[in-house]
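The structure under discussion appears below in the form of structure tokens.
The values are calculated or read from the model by the stated rules, or taken from the named source; none is laboratory data. Nothing here was measured: the structure is a model prediction, and the numbers come from that model. Here the Cβ is made from the backbone with ideal geometry for all residues, glycine too, and neighbour counts use every protein chain on show. Areas reflect the complete protein model, heavy atoms only, side chains present, ligands, DNA and RNA absent. Shrake-Rupley method; radii C 1.70, N 1.55, O 1.52, S 1.80 Å.
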Amino acid sequence: MGDPADAAHIREVGVIGAGQMGNGIAHVLALAGIEVPLYDAKPEALTRALETIGRNVDRQVAKGLVSAEAREAALRRIRPAAGLADFSRCDAVIEAATEKEDIKRAIFAGLQPHLREDCLLATNTSSLSVTRLAAATDRPARFIGMHFFNPVPVMKLVEIIRGIATDDATYRTVAGLAARLGKETALAEDFPGFMANRILMPMINEAVYTLYEGVGTIEAIDTTMKLGCNHPMGPLELADFIGLDTCLSIMQVLLDGLSDTKYRPCPLLVKYVEAGWLGRKTGRGFYDYSVTPPRPTR
Ligand code: CAA
């Protein structure tokens, strides 16, 4: 667990990428009293993110977890950024852009001329090498992995990944920042998939194999894991929630990085992604979300 005192000086944290993860990260930072410039290459994604954050904070207000005044103050702290120059006052920047290495590298290259020299850089990558991303920046010692979980306002963990060059002060500050957000932390070494996805994704992939080989139906597999193992969501429902393209790309990182065929992505997962059936975000994955309740697609 980090010590919030180690991050007491953090006043402004930029977020790059306003998708599922980026909007959740901006949400928890703003509620913790931190100023948040939020940037996305697509201006319409920024508008959508602000609406989503408003709706998600409303859920917390309705539950009595957040007061109406805190809601207003938090929403005021999130500033849509017109460009990367808006990050010049930040104490830290968290990158939560698309999970593609060339895109992340281009963002860091565009960002660093605008940053204060002591600004920390964190990536929310779920599986790319933190060490390799850090090496492409001008500050590998002040670069770290800060892996949040979806839905960010609800999930209690931040997995922290130190690259080989990350210094102790950066680690302590980032662990302290996670504590200020009310999150527990778990420290992972920088190996493919870190801890969460090294364990979670092979389970999801195995659930897809279980379906592919006809051992059980979608409903039977999800019911088994929900009721038999007390998982809040079944693995196929969870795969749809995460995004099947993300699941596939993480399996590919595990296979490439660890060179063990046990990480071979299930051909059925590949086929769903090829079909554009990526889960909730496209309205269809292992379930069809155009109907309520969602209907299994096999
Ligand atoms: N913002 C704020 N609050 C939210 C929220 C959001 N985006 N989404 C849900 N909530 C709140 C709800 O208001 C509700 O609050 P109370 O408990 O106070 O009533 C609570 O969360 C539960 O939500 P629901 O009642 O709507 O639904 P649920 O009970 O089915 O729970 C869930 C939803 C929390 C998502 C639960 O199903 C769950 O934990 N699923 C597993 C999620 C998971 O494994 N996430 C990790 C994915 S892996 C990842 O993210 C990393 C990666 O790299 C791939």
task = Taking a cut-off of 18 Å between Cα atoms, list the lysines near LYS271, but don't count ones fewer than 8 places away on the same chain.
result = LYS281
task = State log₁₀ I(q)/I(0) for segment 35-88 at q = 0.14, 0.16, 0.17, 0.21 Å⁻¹ as given by the Debye formula over alpha-carbon point scatterers of equal weight, solvent excluded.
result = -0.41, -0.52, -0.57, -0.77
ask   = Got a sec? What order do ARG79, ARG11 fall in by accessible area at 1.4 Å, biggest, i.e. largest, first?
value = ARG11, ARG79
inquiry  = Between VAL154 and ILE103, what is the label-point separation in nm under the 7 Å Cα-to-beta-carbon projection?
reply    = 2.4
Cβ-derived FRET efficiency at R0 30 Å, ARG298 paired with ILE164, nearest 0.05 = 0.10
message = Less than 13 Å Cβ to Cβ from TYR289, Lys/Arg counted +1 and Asp/Glu -1: what total charge do the surrounding residues give?
response = +1
message = For a Förster distance of 22 Å, can you work out the FRET efficiency between the beta-carbons of ALA41 and ARG79, rounded to the nearest 0.05?
response = 0.85
query = So, counting K/R as plus one and D/E as minus one, what does the shell of residues with Cβ under 10 Å around LEU254 add up to?
reply = +1
task = Express the accessible area of segment 4-188 per residue in Å², computed with a 1.4 Å probe while the remaining protein chains stay in the model.
result = 43
note = Counting only protein heavy atoms with a 1.4 Å probe and every protein chain in place, the carbon and sulfur fraction of the accessible surface of segment 4-188 in whole percent equals 54
inquiry  = Helix 196-212 against the longest principal axis of the chain: what's the angle in degrees, Cα atoms only, rounded to the nearest 10?
reply    = 20
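May I ask you to give the percent of accessible area on segment 196-296 that is carbon plus sulfur, with a probe radius of 1.4 Å?
Of the solvent-accessible surface of segment 196-296, carbon and sulfur hold 56 percent.
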inquiry  = If each residue of separation counts as 0.36 nm, what is the full-extension length gain between ASP138 and ARG48 once their alpha-carbon separation is subtracted?
reply    = 29.2 nm
query = So what's the angle, to the nearest 10 degrees on a 0 to 90 scale, between helix 244-258 and the longest Cα principal axis of the chain?
reply = 80
task = For the chain, set up a Gaussian network in which alpha carbons nearer than 10 Å are linked by springs, and say which option among GLY182, GLY276, GLY285 fluctuates the most.
result = GLY276
task = Give me the Debye-computed log₁₀ of I(q)/I(0) at q = 0.12, 0.14, 0.17, 0.19 Å⁻¹ for segment 196-296, equal point scatterers on Cα only, no solvent, two decimals.
result = -0.35, -0.48, -0.71, -0.89
inquiry  = From the helices alone, meaning DSSP H stretches of at least four residues, give me the mean residue ellipticity at 222 nm for the chain, per-run term -39500 (n - 2.57), in deg cm²/dmol to the nearest 500.
reply    = -13000 deg cm²/dmol
key: Set of aspartates and glutamates with alpha-carbon distance to LYS183 below 20 Å, sequence-local pairs under 8 removed   = ASP3, ASP6, GLU12, GLU35, ASP91, GLU95, GLU159, ASP168
query = Just ALA73, ALA275, ALA165 to compare: in a GNM of the chain, with alpha carbon springs under 10 Å, which one fluctuates most?
reply = ALA275
request  = Taking the Cα atoms of the chain, report the difference between the largest and smallest coordinate on each principal axis, in whole Å and largest first.
outcome  = 55, 46, 35
remark   = Check: C-alpha center segment 162-218 vs C-alpha center segment 1-54, spacing in Å is 20
inquiry  = Let's see if you can work this out: charge +1 on each Lys and Arg Cβ, -1 on each Asp and Glu Cβ, no other charges. What is the dipole magnitude of the chain about its Cα centre, in debye to the nearest 20?
reply    = 500
